[in-house]
Amino acid sequence: MSRAKVVSLINMKGGVGKTTLAVGLAWELAKKYRVLLVDIDPQFNATQWVVSPDEYLNWVRTKHTVLSVFQPPTGAISNVGGAPAFAPIKPTPSSAVIKVKKGGWQLDILPSILDLMKLDAAPRGTENRLRVFLEKVRGDYDYVLIDCPPTASLFSYSAFLASDAYLVPVKPDPLSVLGLPLLERAMQDYEERSGQELPRLGLVFTQVRQTEAMLATMEQVRIEYPGEVFKHLIAQTTGVAEAVDGNLPLQLSPKAGKLAEVKSALEGICAEFVRRASDL
Ligand SMILES: Nc1ncnc2c1ncn2[C@@H]1O[C@H](COP(=O)(O)OP(=O)(O)O)[C@@H](O)[C@H]1O
Ligand SMILES: [Mg+2]
């Protein structure tokens, strides 16, 4: 049985294009592979992009989100007519994963929810629950992508423990690049806490404008991370907000701008991702 490769998109900076890359890459992979996108950011931007507001509201009324994955088992305990029994209510693929179809492709998403924020004071061991859940569904997918929040939190650590590798979206402006040492420090902390290492699949430039400052910053990052930077990059483009509003993959967004360029970049990033992930 095949087992999905699990890759987290991590950067300790917010607003650098993690979610945009996660959603774009997930849809691109979904053209050919079975893909699960996991949203563990309490701000649930990936969920809001992929799932329409109506569908989301209906879903959270009766089904699970990633919040249930992080919570202890619930369920009825009874001893009516015999031995005491426990009927657990656990999130399963069918009760926690939304299947979304666009343009003939299917992307599965384990949605997030704002209430995830309340989990801050979770009991010890909570960080293992995502890994345990994903172990159960790995046979159903080729790739699992985890969109992380921009903080060194319980959620990011859970993603670390559940992943085979991590991918770093980098906005090549001087301030955002300052976040890279911060990320390295957080990853080192995770490695020491868990006693295991997580390979870095690479760095992908996002929100790129061809300014002198950005070109210089990209050159600097390529020197500091030799061989690690993806050849293709995501340009700054109009039309992202419209794609989010319409719950559409960038690949299907009708707006002009640099979207054609971004579309072909996503194809390139996807091919490179698959190639690099084959070593995992
Ligand atoms: N390539 C891009 N072109 C234009 N806007 C972008 C691009 N990538 C991201 N954005 C916008 O920048 C903001 C932050 O991006 P997002 O992907 O949410 O970052 P993060 O997940 O790192 O916080 C969002 O409003 C998003 O729509
Ligand atoms: Mg995000």
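Restricting to segment 84-102, and then to whatever is assigned to a helix (DSSP H, G or I) and out of contact with any His (no Cβ under 9 Å at 6 or more places or on another chain), can you tell me which residue is surrounded by the fewest Cβ atoms within 10 Å (Cβ to Cβ)? Full working, then the answer.
Here is the first cut: in segment 84-102, the residues assigned to a helix (DSSP H, G or I) are 93-96.
Those left that are additionally out of contact with any His (no Cβ under 9 Å at 6 or more places or on another chain): 93-94.
Numbers: PRO93: 15, SER94: 9.
The qualifying residue surrounded by the fewest Cβ atoms within 10 Å (Cβ to Cβ) is SER94.
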Starting from segment 131-148, keep only residues that are under 12 Å from ASP108 (Cβ atoms) and of a type in the set (Lys, Arg), then list their pairs with residues that are part of a loop (DSSP other than H, G, I, E, B) and within 16 Å of ligand 1 (Cβ to nearest atom) whose Cβ atoms are within a distance under 8 Å, requiring at least 6 positions of separation or different chains. none
Answer with yes or no whether LEU37 is within 16 Å of ligand 2 (Cβ to nearest atom), modelled with pLDDT of 95 or more and under 21 Å from GLY239 (Cα atoms). no
Restricting segment 241-251 to residues that are crowded, with 16+ Cβ neighbours inside 10 Å and assigned to a helix (DSSP H, G or I), which is nearest to ligand 1 (Cβ to nearest atom)? VAL244
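Check whether at least one residue in segment 33-43 is under 14 Å from the mean Cα position of the chain (by Cα), within 15 Å of ligand 1 (Cβ to nearest atom) and β-branched (Val, Ile, Thr), and report yes or no.
Looking only at segment 33-43, we keep the residues that are under 14 Å from the mean Cα position of the chain (by Cα), and these are 35-43.
Filter once more, keeping what is within 15 Å of ligand 1 (Cβ to nearest atom): 37-43.
After this cut, where a residue has to be β-branched (Val, Ile, Thr) as well, the list is 38, 40.
Scanning segment 33-43, I find at least one residue that is under 14 Å from the mean Cα position of the chain (by Cα), within 15 Å of ligand 1 (Cβ to nearest atom) and β-branched (Val, Ile, Thr), so the answer is yes.
Residues checked against (1) among the β-branched types (Val, Ile, Thr); (2) buried (at least 19 other Cβ atoms within 10 Å of the Cβ); (3) more than 18 Å from the chain's Cα centre (by Cα):
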| residue | (1), (2), (3) |
| --- | --- |
| ALA76 | no, no, yes |
| GLY82 | no, no, yes |
| GLY104 | no, no, yes |
| ILE109 | yes, yes, no |
| LEU114 | no, no, no |
| ARG129 | no, yes, no |
| PHE133 | no, yes, no |
| ASP142 | no, no, no |
Look at segment 218-240 and say how many of its residues are of a type outside the set (D, E, K, R), without any contact (Cβ under 8 Å) to a residue 40 or more places away in the chain and either exposed (fewer than 15 other Cβ atoms within 10 Å of the Cβ) or out of contact with any strand residue (DSSP E or B) (no Cβ under 9 Å at 6 or more places or on another chain) (or both). 6
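The values are calculated or read from the model by the stated rules, or taken from the named source; none is laboratory data. All values derive from a computational prediction rather than experimental measurement. All Cβ positions, glycine included, derive from the backbone under ideal geometry; neighbour counts span all protein chains shown.
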